[in-house]
Amino acid sequence: MAAALTPGLVRHTSIDERSAAFLALGLIRGTGDPVAVLTTSGSAVAHLLPACSEADLGGLPLILLTADRPPHRKHCGANQTAPQEEFLLACVRRMVQLPLPGTTAFPGERVQEALAAARGPHHHGGVQAPGPTHMNQPFEEPLHTNKAQLQSVQRQWLAQQARWVKPVITQPLADCPPPPLDWDQPGLIVAGPYRGQDLATYQQHMAQLVGRTGWPVLADPCSGLRGLGDLPVVSGYDLLLTAPRRLPIPNQVLRLGPCSPSRWLSAWLEKTTAVQVQVCEQDQRLWDPLGRINWRSGQGLAALVAQLGPGQPSEAALALQQRWRHRQHRLQQWLDHQLEASPITEPWLAWAISRWLDQQPPTTVLLANSSPVRDWESFAQPRCPHHVTCFRGVSGIDGTLSLASGLAMAAGPSRRTVLVSGDLALLHDSNGWLWRRQLQASDANLLVVLIANGGGGIFEQLPIRNEAFSMEELFTMPQSVDQLALAAAHGVPGHTLNQPRQLAWALGQGSRQAQSHGMALLHCPTHARRDHQQRQRLRAAWLTQDAAPLETGATLGQGDESTSTPSPPRTCPARNQ
């Protein structure tokens, strides 16, 4: 009721606290602003833990406001009591236990400190990165009050709020020491998933950095850099690094943000003798599971660019950039040639959907964890920029549909949102379909592209099949659920993709249905083992093709070897960015 009486708040209601918390993360990622989740007491608070954990590692300012029973009702068997003030301690930046209303003055300064800690980073203690905060408010009975009393509290709140001074803690850019990099020598930039709050400024800083150094950029699908025509972006590194000895490798590498999920990139970064410098966006934590960082900073790319100084890229740096770009162009042509006649597979869907997006207005794309984000990294070769994102803090499949719904609400009616998800991830958050009505009411839209491969297809990529146990029982766990019927039960229209040539029509039809109903489902049946075999064939064929003329390539589908000519590069339609 207090939220309803507070001006300026946009409210979303849910029957599922877990789903609500993940919706909040989608809203945070989409808007850059903190979002609060309000719950009742007891097990409701426990349902916040999965999203709280993702917010912690993902650096997302999630505010958790939980109601509680009074302290004297705890540990005596009273109804709906639990040690909920301890449930989220491992993940939050601050935990504030508020007093019973009326027993003492409201601790406004402590609340403001907790909110500031969520925005982070701070250097006065605690984790030095944005993240979740928890405020637990006990209430004594009677819990209900009248309108006059609520309005009186509201007037007191507004008057007190005007007197509070929000603490602002900043660190000058000049405090960042210079990294052990030589800007006048060849180098390489490895850009991981973007976790900042201002992508447009980040892209401008990247253009400044590349303009000064000439270094090529190995860009993760969620880096916010793929498809930018003014940057020397290499999006095919996952396949190119299958044979790293054939690539020009400099003696210095600048890593931006955390690592991508590519095992080939990680293996190369772990083995290379190059100096490795890491810069994260407002996150002072160590993101170096490979143990290869020689110098790091959490102050962001802006602080680094401020130290560049005047100059032009060296001839050697430009020569290295040209060689990487040539390999990228060669790979892009080869993948077009290989996949244009493929059946419906997971690698083909990543390639084909990114091609379809090249002809579409700006779109927000969420890649679910497990196979979708990895296939996009390997096989999607976008020629136009879109907002592609993922939630790989904990790399789980929790809350996938609710995360996408939050992104769609943040995008609003002017921008479409697409979720690419596997079947288990979608089923794991089936309550996310309940957001359809609120999406429809706000004129937002979400198209869900479901890769229905019969369970946890990612486990087919691991060498664990053994006759001694059931792969299906222990790992892939296929579920006999009609996903189209489940969506329809929530008022979500959908249809099945039966032929590869229908994809453009199916995506267009699904987008129109989503605009009318808030959500729509495109069901894409594939076969996990066949999909993995195609990945293996593509990677093996590239090793051979890398040193051979393009004309000798064979199309890799279900084992057939039909040949065709590479498709010409597509141009992006004119539109506002």
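The values are calculated or read from the model by the stated rules, or taken from the named source; none is laboratory data. For clarity, every value in this text was computed on a predicted model and none was experimentally measured. Note that each Cβ is placed from the backbone with ideal geometry, even for glycine, and that neighbours are counted across all protein chains shown. With ligands, DNA and RNA removed, areas are computed over all heavy atoms of the protein, side chains included. Shrake-Rupley method; radii C 1.70, N 1.55, O 1.52, S 1.80 Å.
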Within the stretch 49-72, can you find the residues that are over 19 Å from residue 119 (Cα atoms), open to solvent by less than 30 Å² (accessible area, probe 1.4 Å) and not in a strand (DSSP E or B)? 70
Qualifying positions in the stretch 397-423 - in contact with a helix residue (DSSP H, G or I) (Cβ under 7 Å, 6 or more places away or on another chain), part of a loop (DSSP other than H, G, I, E, B) and open to solvent by 20 Å² or more (accessible area, probe 1.4 Å): 397, 398
Residues 163, 246: which one is surrounded by fewer than 19 Cβ atoms within 10 Å (Cβ to Cβ), under 28 Å from residue 535 (Cβ atoms), at pLDDT below 90 and charged (D, E, K, R)? 246
Evaluation of residue 280 against (1) farther than 21 Å from residue 394 by Cβ; (2) open to solvent by less than 30 Å² (accessible area, probe 1.4 Å); (3) among the hydrophobic types (A, V, I, L, M, F, W, C) (one fails), failing number: (1)
Test of understanding: among 106, 87, which residue is open to solvent by 60 Å² or more (accessible area, probe 1.4 Å), over 19 Å from residue 39 (Cα atoms) and in contact (Cβ under 8 Å) with a residue 12 or more places away in the chain? 106
Within the stretch 373-396, can you find the residues that are of a type outside the set (Lys, Arg) and in a loop (DSSP other than H, G, I, E, B)? 380, 381, 382, 384, 385, 386, 390, 391, 393, 394, 395, 396
If you check 333, 360, which single one turns out to be in contact with a strand residue (DSSP E or B) (Cβ under 9 Å, 6 or more places away or on another chain) and polar (S, T, N, Q)? 360
Condition check: more than 22 Å from residue 223 (Cα to Cα) and either of a type outside the set (Ser, Thr, Tyr) or modelled with pLDDT of 95 or more (or both). Does residue 42 satisfy that? yes
Before we move on, is residue 511 outside any loop (DSSP other than H, G, I, E, B) and hydroxyl-bearing (Ser, Thr, Tyr)? yes
If the requirement is being touching a helix residue (DSSP H, G or I) at 6+ places or on another chain (Cβ under 7 Å) and open to solvent by 50 Å² or more (accessible area, probe 1.4 Å), which of these qualifies: 333, 322? 333
In the stretch 28-48, which residues are polar (S, T, N, Q) and either surrounded by 23 or more Cβ atoms within 10 Å (Cβ to Cβ) or in a helix (DSSP H, G or I) (or both)? 31, 43
Would you mind telling me which numbered condition in (1) more than 20 Å from residue 307 (Cα to Cα); (2) open to solvent by 10 Å² or more (accessible area, probe 1.4 Å); (3) polar (S, T, N, Q) residue 223 fails? (2)
Matching entry among 516, 567 (being among the small types (Gly, Ala, Ser), within 23 Å of residue 420 (Cβ to Cβ) and modelled with pLDDT of 50 or more): 516
Filter the stretch 351-372 down to the residues that are part of a loop (DSSP other than H, G, I, E, B) and of a type in the set (Gly, Ala, Ser), then identify the one that is surrounded by the most Cβ atoms within 10 Å (Cβ to Cβ). 368
Restricting the stretch 480-500 to residues that are more than 11 Å from residue 510 (Cβ to Cβ) and assigned to a loop (DSSP other than H, G, I, E, B), which is most open to solvent (accessible area, probe 1.4 Å)? 480
Determine the pairs where a residue that is modelled with pLDDT of 95 or more and assigned to a helix (DSSP H, G or I), located within the stretch 7-26, has a partner that is surrounded by 10 or more Cβ atoms within 10 Å (Cβ to Cβ) and of a type in the set (S, T, N, Q) with Cβ atoms under 6 Å apart, the partner being 6 or more residues away or on another chain. 17/39; 19/402; 19/431; 20/14; 22/402; 23/402; 23/405
